[in-house]
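Below: the structure, in structure tokens.
Read the figures in this text as sums done on the coordinates, not as results from a lab. These figures come from a predicted structure and were not determined experimentally. All Cβ positions, glycine included, derive from the backbone under ideal geometry; neighbour counts span all protein chains shown.
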Amino acid sequence: MRVMVIGASKDRKKYGNKAVRAFMREGHTVLPVNPNETEIEGLEVYETVADVPGPIDRVTVYLPTRFGISAMKALGKRDDVGEVWLNPGADEPEVVAAAREAGYEPILACSIIAIGEMPE
């Protein structure tokens with residue numbers, strides 16, 4: 001599975017990093033997005049949602065509300081995304097509404113647990 005992690009982080013204590021590591025451990029192709037980083041856990045980091053080559057099977061989001069809304073708008077401009085997961089803390093009603101406006105029915109759950117991992 002090709003997984004875009006929006007809000008990926010170098011900080012191993014943050015869920016945006018825990019997700020990168022969990023999906024890597026499970027053998028998925030991880031595509032981290034963070035405009036402030038160039039490398040996370042040995043992976044190339046994309047500056048924007050638009051920069052990530054598709055297709056994308058799953059998007060998992062770890063962003064504060066205002067950035068989450070922008071990310072949903074950017075995803076709405078793509079036509080190659082399967083699922084959108086809004087993890088706890090990134091699942092505010094405004095972000096959910098923005099995802100729906102972009103054409104997605106977001107999954108409101110922890111994507112790390114969904115693949116059988118524990119956030120560590």
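Taking 18 Å as the straight-line reach from the Cα of K13, the aspartates and glutamates in range (excluding those fewer than 8 positions away in the same chain) are E37, E39, E41, E117, E120.
Here the dipole of the stretch 1-81 is about 400 debye; that uses its Cα centre as origin and unit charges on the Cβ of Lys and Arg (positive) and Asp and Glu (negative).
Taking 30 Å as the straight-line reach from the Cα of K77, the lysines in range (excluding those fewer than 8 positions away in the same chain) are K10, K14, K18. Backbone amide hydrogens, once placed in the peptide plane, bring I107 within less than 5 Å of V84, W85, L86, excluding anything fewer than 5 places away on its chain. A DSSP coil position with no more than 13 other Cβ atoms inside 10 Å describes the following trypsin sites (Lys or Arg not before Pro) in the stretch 1-98: R12, K13, K77. Counting Lys and Arg as +1 and Asp and Glu as -1 over every other residue whose Cβ lies under 13 Å from the Cβ of R2, the net charge comes to -2.
If the chain between E101 and K14 were fully stretched, how many nm would it gain, using 0.36 nm times the residue separation less the Cα-Cα distance? Please list the in-between numbers first.
Working: separation 87, 0.36 × 87 = 31.32 nm, distance 2.81 nm.
Full extension of this stretch gives 28.5 nm more.
Suppose a student asked you for the relative contact order of the stretch 2-114, using Cα pairs under 8 Å spaced at least 6 residues apart; what percent would you report? Intermediate values should be presented prior to the final figure.
Values: 231 pairs, mean separation 26.4, N = 113.
Reported relative contact order: 23 percent.
Reported to the nearest whole Å, the Cα centre-to-centre distance from the stretch 75-120 to the stretch 1-64 is 13.
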